[in-house]
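A quick write-up on the structure given underneath.
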Amino acid sequence: MLNVCDINVMKPLLMQHGFHFSKAKGQNFLIAGWVPESIAEQAGVDETAGVLEIGPGIGPLTQQLALRAKKVCAVELDTRLEPILQQTVGEFGNLEILWGDVLKQDIPALVKEKFPGLRPMACANLPYYITSPILSALLEAECFESVTVMVQKEVAQRIAAAPGTADYSAFTVFCQYYAQPELLFDVPAHCFMPQPKVTSAVITLRVRKQRPWNVDDEKIFFRTVRASFAMRRKKLANGLASGFPELGKQGAADVLAACGFDENVRGETLGIPEFATVANEIARRIRRD
Ligand code: SAM
């Protein structure tokens, strides 16, 4: 197996194929072998797993996944990588590469077709320019046991943040609605070529089998969350009034009172169960009107 993280292997390989990194495609390739090994290991990939990888690049993580999993499907946008991947991961019979944009895939259908009887997982060193849309698509697909990804450290902290902290955001609530996050480890910029300007981190999201709260209407729940963070320095009542014009100012205040919250409460202090309570009350009032 070619050690693609060794720059003495990687550089001649890229040169041989006339490959130049594309900033627009978020190409920062790993040059520290411990990173893909740790991702595959800590994601719990084994012979019972079917793994969807996003953006294999020249294959450092792909190799580690294919060594452990029953089946790996890797989706790559940049077809210039095809002859290189042929050389670096062509030997794996349990690997299938799909060429195209991961955001255009029907992920639940793909998982159903490719991983029957296996534990479906997603693993990736994500292209940073589309971290949030990819993570949203993976979680909304509701078909993975876990999602383990490398992202910018600041994004990882946002995903794992607790209510009331500066990092807590609508994206935190979105991710934690679907999954329980755990920060695994940091990856310094010198582990990549070219080096990004920021530190990265690997985070695993264990998808919830059951959600410990009751949400009557998911659309209204996520609307409530967005409205609550849209004016995060302001009172929740004001955020709700502008996010739900049909409620009006008084209606928004009544919702909070009916849920037992102080009229001055700020949205950023609410946990998911509290957002669910508020959203359910809004749903009840909107439907009644
Ligand atoms: N996995 C490799 C590694 O760790 O060295 C490469 C990671 S690099 C950060 C991101 C990879 O995602 C690149 O290979 C890039 O071409 C690919 N990519 C970018 N946008 C994509 C998209 N929309 N769908 C699938 N792959 C994409």
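The values are calculated or read from the model by the stated rules, or taken from the named source; none is laboratory data. Everything numeric in this text was worked out from a predicted model, so none of it was measured. Glycine also receives a Cβ, built like all others from the backbone with ideal geometry; neighbour counts cover every protein chain displayed. The area values use the complete protein model at the heavy-atom level, side chains included, leaving out ligands, DNA and RNA. Shrake-Rupley method; radii C 1.70, N 1.55, O 1.52, S 1.80 Å.
Summary of values
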| read-out | value |
| --- | --- |
| Assigned charges on the beta-carbon of Lys, Arg, Asp, Glu; region 206-265 dipole about Cα centre (debye) | 520 |
| Kirkwood-based shape ratio for region 17-136, expressed as Rg/Rh from alpha carbons | 0.93 |
| Estimated FRET transfer efficiency (Ala230, Ala189; beta-carbon r; R0 30 Å; 0.05) | 0.35 |
| Calculated from backbone phi, Karplus (6.51, -1.76, 1.60) coupling profile of region 174-186 in Hz, x at Gly/Pro | 4, 5, 6, 5, 8, 8, 9, x, 9, 6, 9, 7, 8 |
| Calculated diffusion of region 174-220, Stokes-Einstein form, Kirkwood radius summed over Cα pairs, 20 °C and 1.002 mPa s, µm²/s | 161 |
| Which of Val102, Phe19, Ser228, positive extreme of dipole for the chain (C-beta unit charges) | Ser228 |
| Dimensionless Rg/Rh of region 203-243 - Kirkwood Rh, Rg from C-alpha atoms | 1.11 |
| Contact order normalised by residue count of the chain, Cα under 8 Å, 6+ apart, percent | 15 |
| Given 13 as the ceiling on other Cβ atoms within 10 Å, longest exposed-site-free region of the chain for GluC sites (Glu not before Pro) in DSSP loops | 143-245 |
| Extension gain (nm, one decimal) between His20 and Lys209, 0.36 nm per residue minus Cα-Cα | 63.8 nm |
| Net charge dipole size for region 7-207 [Lys, Arg +1 and Asp, Glu -1 on Cβ; Debye, nearest 20] | 340 |
| Average accessible area per residue (Å²) across region 78-164 - probe 1.4 Å, nucleic acids and ligands excluded | 43 |
| Two-decimal Rg/Rh across region 218-288, once Rg and the Kirkwood Rh are taken from alpha-carbon atoms | 0.90 |
| Quotient of C-alpha Rg and 2.2 N^0.38 Å, computed over the chain | 1.14 |
| Accessible area per residue in Å² at 1.4 Å probe, computed on region 218-288 | 50 |
| Within the accessible area of region 54-138 (1.4 Å probe), percent carbon and sulfur | 52 |
